Structure formats: C-alpha cells, structure tokens
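Below: the structure, in structure tokens.
The values are calculated or read from the model by the stated rules, or taken from the named source; none is laboratory data. Quick caveat, the model's predicted, so the values are computed rather than measured. So basically every Cβ, Gly included, is an ideal-geometry build from the backbone, and we count neighbours across all protein chains shown.
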Amino acid sequence: MIPVGAMGQADTRVPDTTAIRDAATLILLRDAITRPRVLMGQRDKSAVFMPSKFVFPGGAVEAVDAGIPLARPPADATARALQAQSSPPPAAIIAAATRELWEETGQLLGRADARAKTVQAPKGWRGYLATGCLPDGVAMTFVFRAITPPGTPRRFDARFFLAGAGGLQTDPDDFTRAEAELSRLQWIPLDQVRAFDMPFITGVVLAEVAARLAGRVPPSVPFFNSSDGNSRFERL
C-alpha cells in the first residue's frame, strides 16, 4: 500500500536513511538564585550541522566513552530514564557529555578519584584523566531527550543534562583550554538568550530549564521523538 500524504496525494517521498547517532549535551547553569545564566557557544558558519547556531557543548557518544568509569553513578531514576528506548549504557552517555564539555569549553566537571590515573586513557580522554578526575553521575540531571527530525545532513539522539557551575573544578570564566569547535563561548542570561540564533530544540530545552528553576519539575523526562519521521513528545 502506498502511504497517502496530508493533501490526499500518494506520498512518494524517499525515506530518510541518515543514521541516527547517540549523543550527549551538557547545560551548565550559573547564578541560579540571582540571574540564571547558561554556557553556550557558536558553531562555525561552515559546519555541516547547524552552522552559525548558538548551542550547548555536546556531541556524539564515542566507543571509548564506555570504558570510562564514573566517580559516582547517577541516581536510579536517572539511570532508568537513560536506559528507556536506548542502547548505550547510562555511564557511557554521562561520560560523553563530560568529555564534550571538556573538549569544547575547557571546563572540567567531575570528581577527584584515584582510579583516574589507572585508566588506560584513550584519545579524547588523556587530558581529562590527567587531572585526576572522573565523570560524576550525581552532578548531572537528565532533563531532556531529542532525536533530530529527518531531512538534515546529520541526525542525533541527544540526551541533555543539567549541571550547576558550582561543580566545576575549573575557573568558569577561563576557556583557554577549549578546542576550536565552538567560538564566542559565554554565559548567557536566560532572560536574554532568545536574542541569539539557536536551533528550535535548544529553545524548547531552555524552556524546560526555566520551568525547573521555577519549581515545575516534571515527573518524567520529556522526549522529542522523531525516530520514525513523525515528531511527537513522549515521556521517559
């Protein structure tokens, strides 16, 4: 049977075969009580995915992330939500978010752990592990998940974590160790962030962060699911 489109015509669109990669993103929050600010940076204008957009630090979950132990595991509820409709283990997703923050901003979120010096440090983790820290699952709250809709050059199944800047082991204003993936790194007040050019889903996630700061914490994690081409909101 040929699917029928919304206008009553036969739907002859070619199915989107772009592979969906697992990804992790970290939202760092500062001055939550006074004037909340989040750390964001701008992607290069020549980037294939979301050029020139302001985004949170994040990226794909790599195979090496699964070999990094956590200083402390996440809460049981967080682990369950991360495992729902998902294949990577929760620890690998948390490690990926931590690594991407380190690579893209030079900021270190983690906890001192003697095991850091004994782990065989793979590429991408050598500098981080040399600090003597390991990723801290307790410091990160799983707040959102979104799968990139079809029709884009790259698609990601992204998990968004929220963490307080007070948990950083580095100066929050020092970005000298950052790699070149993001430019114009800055702490943006939530009441000004709408003036920046952001992806649609980033604005949705920021609304979720604002709701949490206002005390409206949902009983489950929102999930913008576009895995089969039909975008819908679910709960994990």
Exercise. Could you please give the count of residues in the stretch 206-235 that are out of contact with any Pro (no Cβ under 7 Å at 6 or more places or on another chain), surrounded by 14 or more Cβ atoms within 10 Å (Cβ to Cβ) and at pLDDT below 85?
Key: 1
Quiz item: Filtering the stretch 42-58 down to residues that are part of a strand (DSSP E or B) and within 10 Å of Pro199 (Cα to Cα), which residue is modelled with the highest pLDDT?
Solution: Val55
Exercise. Please state which one of Ala121, Ala97 is at pLDDT 95 or above and at negative phi.
Key: Ala97
Quiz item: Among (1) closer than 24 Å to Pro189 by Cα; (2) at pLDDT below 90, which single condition is Gly106 missing?
Solution: (2)
Quiz item: For the subset of the stretch 179-192 comprising residues that are touching a helix residue (DSSP H, G or I) at 6+ places or on another chain (Cβ under 8 Å) and at pLDDT below 90, which member is nearest to Ala207 (Cα to Cα)?
Solution: Leu182
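Among the listed residues Ala91, Ala121, Ala63, Ala130, identify the single one that is without any contact (Cβ under 8 Å) to a residue 24 or more places away in the chain and either charged (D, E, K, R) or surrounded by 15 or more Cβ atoms within 10 Å (Cβ to Cβ) (or both).
Ala121
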Quiz prompt | Selection count where residues are without any contact (Cβ under 8 Å) to a residue 12 or more places away in the chain and over 18 Å from the mean Cα position of the chain (by Cα), scope the stretch 181-210 | solution = 3
Quiz item: What is the one condition in (1) touching a Leu at 6+ places or on another chain (Cβ under 8 Å); (2) surrounded by 16 or more Cβ atoms within 10 Å (Cβ to Cβ) that Gln169 does not satisfy?
Solution: (2)
